[in-house]
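Computed from the coordinates by the stated procedures, all read-outs in this text should not be read as laboratory data. What you are looking at is a predicted structure, and each value in this text was computed from that prediction instead of being measured. All Cβ positions, even for glycine, are placed from backbone atoms using ideal geometry, and neighbour counts span all protein chains on display.
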Amino acid sequence: MLSYSADHLPGLHPWLRSVLLGGGLYVALFFVVHVALAATATGIAPVDLVLLVLVCAPQVVYARRRGADIGRLRGLLIAAALVAAGALGFWSTFPAAPDATYAAWFLGAITFDLLGLALLGALEIAWSTMAALVVLSGIWAVSHGLPVAEGPVIVVRHVATLLIGTLLVVSLRRSRSAFVAFQAARMRRSTEEEAARARAAARRIAAERVLEQAGPTLEALAAGRPLSADDRRQLLVLEGALRDQIRTPLLVCGALRDSVTAARRRGVNVMLMDEAEQADAAVRVEAAAWLAERLDATGAGGFVGRLRDLGDAVRVSAVNDDHGDARSFPLSDAPAPEQRPQEAVSPYALGS
């Protein structure tokens, strides 16, 4: 089903756009219907014109609103106008118990206005206004020497209408909440699937690149040529590079990639772990440069570099056979953490 908004009619006056999109037509129809009801009941008198203005003004506000809610201040002003319309209608239209078929037309109009308040998120204001109308009806009955129950009898049918409308509003809100939750879950799942596909594609491209680099050595193995010590070292370097490109494709780049290659040629057993899914590109560049400095200072043995999320920062640790260092890099949209000296990290603390 096609849906239209004011954006489909650029360059037009807002009221004309409202008319063409249905809001103005609805207000006009509302006015015409209640003019006919007032004329049928008692004829159009000056007081009826005031009543028409009071009960139609909220519909104009509803048609010209810009948000999904009416707003508390605007809702209270509408409620005050409707209470005034109720008081004016009771004391001007009903000299005694109403006998005319449409004498209570203004109560129906007020109920429609209250339904609009309910639909726009002002249920409390709508029901408070209806309660005020019930009280007014009782006061009107007493002031005319009637039993107090004669007044609420006039309003009770409109209370039922507002109750049905309230139940509909609650049902619509629940349906909308469920739909919004479903849409959010679907978008989140789609984003995760897209990210997973992107990571898989990056790993595949990186692995293919490493395999291309290993091509000459693999051809030598296929041809049966004896491997020298340099060839074996090169195979170890390629094997480590292939593992890095599969496990940490977003981290091993630039200076860190060169440092890792040089360290493996020196005989350092390098292992990198990237567990920081929230890290952006700028943080990864800083973390990679920091790891490269520590790796360049490692002469032999093992080296473990790890990134992990801290919520508002990324924790980077570098551990070798002798000691370990760690540092936190704040995310670009998070406040910078308090500066502290780098702390030593035990090689056995990485698993925590």
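Put a dot 7 Å past each Cα toward the Cβ at Ala28 and Leu236; how far apart are the dots in nm?
Going from the Leu236 label point to the Ala28 one covers 8.7 nm.
Stretched out fully, how many nm does the piece from Asn269 to Arg197 gain, at 0.36 nm a residue minus the Cα gap?
22.9 nm
Taking the Cβ of Phe179 as the center, what net charge do the other residues with Cβ under 12 Å away carry, scoring Lys and Arg +1 and Asp and Glu -1?
Values: positive: Arg173, Arg174, Arg176, Arg186; negative: none.
With Lys, Arg at +1 and Asp, Glu at -1, the neighbours total +4.
Which GluC sites (Glu not before Pro) in the range 217-317 pass both tests, a DSSP loop state and at most 14 other beta-carbon atoms within 10 Å?
When the GluC sites (Glu not before Pro) of the range 217-317 are filtered for loop state and at most 14 Cβ neighbours within 10 Å, Glu277 remain.
I'd like the FRET efficiency for Leu77 and Arg173, computed as 1/(1 + (r/R0)^6) with the beta carbon distance as r and R0 of 41 Å, rounded to 0.05.
Numbers: r = 24 Å, r/R0 = 0.58.
So the FRET efficiency works out to roughly 0.95.
Grab the other residues whose beta carbon is less than 14 angstrom from that of Leu120, score K and R as +1, D and E as -1, and report the net.
Its environment carries a net charge of +4.
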